[in-house]
Amino acid sequence: SSLKDVSTFGNESYTMSVDSDKIVLNGSDNAGAFYAVQSLLSLLPAGTANQFDIPILSVSDSPRFGWRGMH
């Protein structure tokens, strides 16, 4: 896996790519990298499984507004 800084995105933006042999996280800033890691962690199963599958996927996420809310 790798974590890269991609400052061409907007604030708090990230991309995540999962292939059969690697995971790539790209964050526009520290907050973007944090949200990328949180999205990856949400794909992991609960508990202490030694082996698990993560689906092959590609995600590009960016906040619509300059603030985050509960709704």
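The values are calculated or read from the model by the stated rules, or taken from the named source; none is laboratory data. The shown structure was predicted, so the numbers you read here are calculated from the model rather than taken from an experiment. FYI the Cβ positions are ideal-geometry reconstructions off the backbone, even for glycines, and counts take in every protein chain you see. Protein only, heavy atoms only, side chains kept; ligands, DNA and RNA dropped before computing areas. Shrake-Rupley method; radii C 1.70, N 1.55, O 1.52, S 1.80 Å.
Overview of results
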read-out	value
Where a residue in the range 35-63 is without any contact (Cβ under 8 Å) to a residue 40 or more places away in the chain and its partner, wherever it lies, is open to solvent by 80 Å² or more (accessible area, probe 1.4 Å), with Cβ under 8 Å and at least six apart	Ala36/Leu3; Val37/Leu3; Leu44/Phe52; Pro45/Phe52; Ile56/Ser20
Strands (runs of 3 or more DSSP E) fully within the chain counting 2 or more residues that are at pLDDT 90 or above and open to solvent by 40 Å² or more (accessible area, probe 1.4 Å)	57-61
